[in-house]
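Notes follow the structure.
Values in this text are rule-based calculations from the coordinates and carry no lab data. If you're wondering where the values come from, they're calculated on a predicted model, not measured in any experiment. Cβ sites come from the backbone with ideal geometry, for glycine too, and all protein chains shown count toward neighbours.
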């Protein structure tokens, strides 16, 4: 299966649980695979923006720590699935935000703009 196919299951974290983890002593690293325009409309603080089409080429330049988990974020959980598969293949403990930013917004969790 090509890395970018959005089908199949990947490990997930629910928005409320991710919000708690982000306030912990060792928060997960976040990678937003949406477009720059989507990201500018609201994102989770501390996230790194790398649109999905660029992730494969830019993965090694992100400086992600392999000893810390990574959470991939997109709008609905569709684009983050291939991102999680790519991250896991590269040796990261990766999950996706269940339901994406739409679910995060429904829970009225903190958003940043710019």
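With contacts taken as Cα pairs under 8 Å at a separation of at least 6 residues, segment 29-69 carries a relative contact order of 44 percent.
Considering only alpha-carbon pairs that sit under 8 angstrom and 6 or more positions apart, the relative contact order computed for segment 1-75 is 36 percent. Return P(r) of segment 45-101 (all Cα-Cα pairs; 10 Å bins starting at 0; whole %; ordered from short to long distances). P(r) for segment 45-101, in whole percents per bin: 25, 63, 13.
Taken along the Cα-to-beta-carbon direction at a fixed 7 Å, the label points for residue 65 and residue 24 span 1.3 nm.
Using all pairs of distinct alpha-carbon atoms, the Kirkwood hydrodynamic radius of the chain works out to 13.8 angstrom. Look at 10, 33 and count the other Cβ atoms within 10 Å of each Cβ; fewest to most, that gives 10, 33. Counting every other Cβ atom within 10 Å of each residue's Cβ, 35, 24, 80 order from fewest to most as 24, 35, 80.
Counting only Cα atoms, segment 75-114 measures 32, 19, 16 Å along its principal axes, largest extent leading.
In the chain, what percentage of the DSSP-assigned beta bridges are antiparallel, given to the nearest 5?
10 percent
Label point of residue 107 set 7 angstrom out along Cα-Cβ; within segment 54-81, amide nitrogens under 20 Å from it belong to 69-81.
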